[in-house]
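Student: Quick one: structure below, then a few questions.
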Amino acid sequence: MVVGLNLDPGSWLAWIVVGLISGAVAARVVAGRGFGCIADIIVGVAGAIIGGYLLGAIFHMTGTVGFFGSIVVAFIGAAALLAVLKLVSGGRL
C-alpha cells in the first residue's frame, strides 16, 4: 500500500497560503492567467492532495516535506489537475 507524501505545512492558515501560491502559479503556467483568489486556493489545495498521491504512487516517495516542499508538491498536482481540465474542456480553461 502506497501512502504517499505527508504534506504538513502547518495550520489551516498555512494550507490556505500553500493553496494560494501553488494554485496561482499553476494557473498562470497552464492557463496563462489566474482564476481569482478563492479559485486559486481551491485548485492549490486540490493540487496538494493530487500531487501527494501522484508523487507517492509514481515515485514511491514517502515522508513529510514541510512548508516549501508542500508548495512544490501542490504546484505539481495543481498543474496536473489544470492540464487535465484544459484537455477535457478543449482548451477553454
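What follows draws every value from the coordinates through simple rules; no lab data is involved. Note that the structure is a prediction, hence the values are computed from the model and not measured. Note that each Cβ is placed from the backbone with ideal geometry, even for glycine, and that neighbours are counted across all protein chains shown.
Student: So what are the chain's ellipsoid semi-axes, whole angstrom, largest first, if each one is the square root of 5 times an eigenvalue of the alpha-carbon gyration tensor?
Tutor: Gyration-tensor ellipsoid for the chain: 22, 16, 8 Å.
Student: List, in order, the whole-Hz ³J(HN,Hα) value for each residue of the range 34-46 obtained from phi through the Karplus relation with A = 6.51, B = -1.76, C = 1.60 and θ = phi - 60°; use x for Gly and Pro.
Tutor: x, 10, x, 4, 5, 5, 5, 5, 4, 4, x, 5, 4
Student: Moving to a separate point now. Pop the C-beta distance of VAL29 and THR62 into the FRET formula with R0 = 25 Å and round what comes out to the nearest 0.05.
Tutor: The value I calculate is 0.40.
Student: Calculate, in nm to one decimal, what ALA83 and TYR53 gain on full extension: separation in residues at 0.36 nm each, minus their alpha carbon distance.
Tutor: In short, 9.1 nm is gained.
Student: If we count other beta carbons within 10 Å of each Cβ, what is the order of LEU54, LEU82, LEU13, fewest first?
Tutor: LEU13, LEU54, LEU82
Student: I would also like to ask the following. Using modelled backbone amide H atoms (1.01 Å from N, in-plane), which distant-in-sequence or interchain residues come within less than 5 Å of MET61's amide H?
Tutor: Here the answer is GLY56, since their amide H atoms fall under 5 Å of that of MET61.
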